[in-house]
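S.K.: Structure incoming, see below.
The values are calculated or read from the model by the stated rules, or taken from the named source; none is laboratory data. No experiment lies behind these values; they were computed from the predicted model shown. Backbone-built Cβ (ideal geometry, glycine too); neighbour counts: all protein chains shown. Each accessible area value is taken on the protein alone, full model and side chains, heavy atoms only, with ligands, DNA and RNA left out. Shrake-Rupley method; radii C 1.70, N 1.55, O 1.52, S 1.80 Å.
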Amino acid sequence: MRQIITGIMAYGMSGRVFHAPFVHAHPGLKLHAVTERTRKAAAIDYPGVISYDTIDDIIADEAIELMIINTPNYTHYEYAARSLKAGKHILVEKPFTATSAEAKELFALAESVGRKIFFYQNRRWDTDYNVVKDVIESGRLGKLSEVHFRYDRYRASIGPKVFKEEPYAASGLMYDLAPHLLDQAISIFGTPLSFYKVLGKNRRDTKVDDYFSIHLSYPDSVNVFVHANLLLVDPLPAFVVNGASGTLHKNRSDIQEEQLLAGMKLDNPAYGIEAPGNEGKLTLIDEEGNRTVEYLPSRRGNYLPLFEAVYQSIVNDVPYPVTQAQVLAQLEILEA
């Protein structure tokens, strides 16, 4: 199997949890180098990995074919452009860029240099989302009228990550969490006909939005709402789908991030298995008015198929599931 030499621009939480374990586990990817400005931990976790001091150094490494850009949001455009010009394919965390204009420039640049851009929308491979997607696509709920996707937390204090809490480009809760929710909605329903967006600042001394609600309008009067709130003490169900024949409730229950943070390896049989009690609740009603309730377990979550999709696109030119059109639709909503 051909191996694609891979670099990770940052080896903080994102690099350690969301990227390195999957690059290491995929037989077609070789973890070659990371950037670590101070703490040199990558070579302990993955012996033989090069640890560069600066972004300039890792971009200059001609051996790297695929660069994972997992740096602060406001740097994505610059580092993506520099990596493409250095002849590398790129996998970029959300949000891809701060604006759709920047995204279009990068798409044109990638085409001109013959390299590919991939979007790290890992939440398409969450257990909870895939239960919801399966039920929607099954048609069991009948004609849909109202869909809610939520990502709520309770974090009243201002966080330590300056690029999220100061008014940099692509900062704030909307740019942090809406890319997940919008991508999930767009991947199921497509680009909305129209949208309406509300932002809020509710934490004491906040400089950026910590609340958003976006209403996406689709054909046939299907209304999709994506929400996030940093001051929700008792979270609501993360997914609620209402149709003429039933309702689905599902909690946010994907456990991969928690397991990876705790050091669990991908080959552990428990990896990606959500905790009991988080089954989706599907309530159906028939033409006679009889109600039935089903509890739907989730399939195992696993982000490795995202990296497999990157590999297959580079090696065999297989279309990547997250498209440029979908990302542009997302960015046009974020920047509006």
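S.K.: Give me the accessible area per residue for the range 216-284, probe 1.4 Å, as a whole number in Å².
M.R.: 46
S.K.: Another question about this same structure. Hey, what's the per residue convex hull volume over the C-alpha atoms of the range 194-293, in cubic angstrom?
M.R.: Convex hull volume per residue, Cα atoms: 186 Å³.
S.K.: Could you give me the ³J(HN,Hα) list for the range 236-241, computed from phi with Karplus coefficients 6.51, -1.76, 1.60 and θ = phi - 60°, whole Hz, x at Gly and Pro?
M.R.: 7, x, 6, 9, 10, 10
S.K.: Something else about it: Pairs of alpha-carbon atoms within less than 8 angstrom and 6+ residues apart define the contacts here; what relative contact order does the range 222-336 have, in percent?
M.R.: 17 percent.
S.K.: Based on the mean of other Cβ atoms within 10 Å per residue, sort peptides 118-129, 248-259, 161-172 so the most packed one is first.
M.R.: 118-129, 248-259, 161-172
S.K.: Using only the heavy atoms of the protein chains and a 1.4 Å probe, how would Tyr271, Tyr52 rank by accessible area, largest first?
M.R.: My answer, sorted largest first, is Tyr52, Tyr271.
S.K.: Looking at the chain, what % of its DSSP beta bridges pair antiparallel, to the nearest 5?
M.R.: Working: 36 of 60 bridges.
Bridges in the chain are about 60 percent antiparallel.
S.K.: Identify, among Ser51, Asn223, Ala86, the residue whose Cα sits farthest towards the positive end of the charge dipole of the chain, taking +1 on the Cβ of Lys and Arg and -1 on the Cβ of Asp and Glu, with the dipole about the Cα centre.
M.R.: Projecting each Cα onto the dipole axis, the largest value belongs to Ser51.
S.K.: Using modelled backbone amide H atoms (1.01 Å from N, in-plane), which distant-in-sequence or interchain residues come within less than 5 Å of Ile68's amide H?
M.R.: Residues meeting the amide H criterion: Gly7, Ile8, Met9, Leu91.
S.K.: Ok, one more. Placing +1 on the Cβ of each Lys and Arg and -1 on the Cβ of each Asp and Glu in the range 193-336, which of Gln330, Phe212, Gly289 has its Cα farthest towards the positive end of the resulting dipole?
M.R.: Positive-end residue among those listed: Phe212.
S.K.: While we're looking at this one, here's another question. Measuring from a point 7 Å past the Cα of Leu231 along Cα-to-C-beta, which residues in the range 192-211 have an amide N at less than 14 Å?
M.R.: 199-211
S.K.: Follow-up. Once you have a ≥ b ≥ c as the square roots of the Cα gyration tensor eigenvalues for the range 207-256, tell me rounded if a/c is under 1.5, and otherwise prolate or oblate according to whether a/b is larger than b/c.
M.R.: oblate
S.K.: A further question follows. Which aspartates and glutamates, on any chain, are close to Lys281 with Cα under 12 Å apart, when same-chain ones fewer than 8 places away are left out?
M.R.: Asp128, Glu294
S.K.: At 222 nm, what value in deg cm²/dmol follows for the chain if DSSP H runs of at least 4 each add -39500 (n - 2.57) and the sum is divided by all its residues, to the nearest 500?
M.R.: Mean residue ellipticity, 222 nm, calculated: -9000 deg cm²/dmol.
S.K.: Using a 1.4 angstrom probe on heavy atoms only, work out the carbon and sulfur share of the accessible area of the range 64-156 in %. The partial results should precede the final answer.
M.R.: Working: 1560 of 3330 Å².
Carbon plus sulfur share of accessible area: 47 percent.
S.K.: Here is a further query. Around Ile188, with a cut-off of 9 angstrom between Cβ atoms, what is the net charge of the other residues, counting Lys and Arg +1 and Asp and Glu -1?
M.R.: Around Ile188, the charge tally is 0.
S.K.: Got the relative contact order for the chain handy, in percent, Cα pairs under 8 Å and 6 or more residues apart?
M.R.: 17
S.K.: Considering Cα pairs under 8 angstrom that are at least six residues apart, work out the relative contact order of the range 1-150 and quote it in whole percent. Display every interim value, and only then the final one.
M.R.: Numbers: 213 pairs, mean separation 26.5, N = 150.
So the answer I get is 18 percent.
S.K.: Quick one: among Gly15, Gly301, Gly277, which has the greatest mean-square fluctuation in a GNM of the chain with alpha-carbon springs under 10 angstrom?
M.R.: The residue that fluctuates most here is Gly277.
S.K.: OK, next. Filter the cross-link list Lys197/Lys250; Lys30/Lys133; Lys40/Lys94; Lys116/Lys207 down to pairs whose alpha-carbon distance in this structure exceeds 29 Å. The partial results should precede the final answer.
M.R.: On the way: Lys197/Lys250 24 Å; Lys30/Lys133 32 Å; Lys40/Lys94 25 Å; Lys116/Lys207 36 Å.
Over 29 Å Cα-Cα: Lys30/Lys133; Lys116/Lys207.
S.K.: Let me ask you something else. Relative to the Cα centre, what is the charge dipole magnitude of the range 42-199, using +1 at the beta carbon of each Lys and Arg, -1 at the beta carbon of each Asp and Glu, and rounding to the nearest 20 debye?
M.R.: The dipole of the range 42-199 has a size of about 660 debye.
S.K.: P(r) of the range 1-128 in 5 Å steps, Cα pairs, percent per bin?
M.R.: Here the calculated profile for the range 1-128 is 2, 11, 22, 25, 20, 13, 6, 2, 0.
S.K.: Angle check, please: helix 324-335 long axis (alpha carbons) against the longest principal axis of the chain (alpha carbons), in degrees 0 to 90, nearest 10.
M.R.: Its long axis makes an angle of about 80 degrees.
S.K.: For the chain, what ratio Rg/Rh do Cα atoms give with a Kirkwood hydrodynamic radius?
M.R.: My calculation puts Rg/Rh at 0.97.
S.K.: What angle, in degrees between 0 and 90 and rounded to the nearest 10, separates the Cα long axis of helix 76-85 from the longest principal axis of the Cα atoms of the chain?
M.R.: It is inclined by approximately 50 degrees.
S.K.: Taking the Cα atoms only, what angle lies between the long axis of helix 304-316 and the longest principal axis of the chain, rounded to 10 degrees?
M.R.: That works out to roughly 60 degrees.
S.K.: Provide the gained length on full extension for the span Ser138 to Gln3, in nm with one decimal, where the gain is 0.36 nm per separating residue minus the Cα-Cα distance.
M.R.: So the chain would gain 44.8 nm between Ser138 and Gln3.
S.K.: Count charges around Tyr175 for me, please; just the other residues with Cβ under 10 Å from its Cβ, Lys/Arg as +1, Asp/Glu as -1.
M.R.: After counting each charged neighbour, the total is -1.
S.K.: Quick check on the range 82-227: take the gyration tensor over C-alpha atoms, sort the square-rooted eigenvalues as a ≥ b ≥ c, and tell me if it's rounded (a/c under 1.5), prolate or oblate.
M.R.: Taking the square roots of the gyration eigenvalues as a ≥ b ≥ c, the range 82-227 is oblate.
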